[in-house]
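Read the structure below first, then the notes.
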Amino acid sequence: MLVLSRHPGQQVVLKTSSGEVISLMVIAVEANNKVRIGFDAPKSIEIHRLEVFEQKFGPLSVHMLRQKAKANVTEISRQD
């Protein structure tokens, strides 16, 4: 897992293997530490909150993603 720090107004850009570009912008960080994020992506790319993803694809899929992310964070920590 890549972990980045961004300030409001700053973006992160992703490019898929098929050449599609997805842009994420930090819109605001509210007083309660809630982060507002804006997404700009082609309509063919689905963007879901985790709980919606789980409803649509099931918890097993999300469990596998979490395990992979946890393993990657552990690996990053070992490099520091």
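The values are calculated or read from the model by the stated rules, or taken from the named source; none is laboratory data. The shown structure was predicted, so the numbers you read here are calculated from the model rather than taken from an experiment. All Cβ positions, glycine included, derive from the backbone under ideal geometry; neighbour counts span all protein chains shown.
Does segment 61-80 contain at least one residue that is modelled with pLDDT of 80 or more, assigned to a helix (DSSP H, G or I) and of a type in the set (Asp, Glu)?
Our first condition is that a residue be modelled with pLDDT of 80 or more; within segment 61-80, this holds for none.
Taking every residue of segment 61-80 in turn, none turns out to be modelled with pLDDT of 80 or more, assigned to a helix (DSSP H, G or I) and of a type in the set (Asp, Glu).
Of all residues being farther than 27 Å from residue 64 by Cβ and within 14 Å of the chain's Cα centre (by Cα) in segment 7-37, which is surrounded by the most Cβ atoms within 10 Å (Cβ to Cβ)? Just the residue, please.
Only one residue tops the list, namely 26.
Return the pair list, or none, for Cβ contacts closer than 9 Å from residues in segment 33-60 that are under 19 Å from residue 14 (Cα atoms) to residues that are basic (Lys, Arg), at least 6 apart or on different chains.
Listed by first residue and then by second, the contacts come to 46/56; 48/56.
Among the residues of segment 38-60, count how many are at pLDDT below 75 and surrounded by 11 or more Cβ atoms within 10 Å (Cβ to Cβ).
Of all residues in segment 38-60, those at pLDDT below 75 come to 60.
Add one more test, that the residue is surrounded by 11 or more Cβ atoms within 10 Å (Cβ to Cβ), and what stays is none.
So the count comes out to 0.
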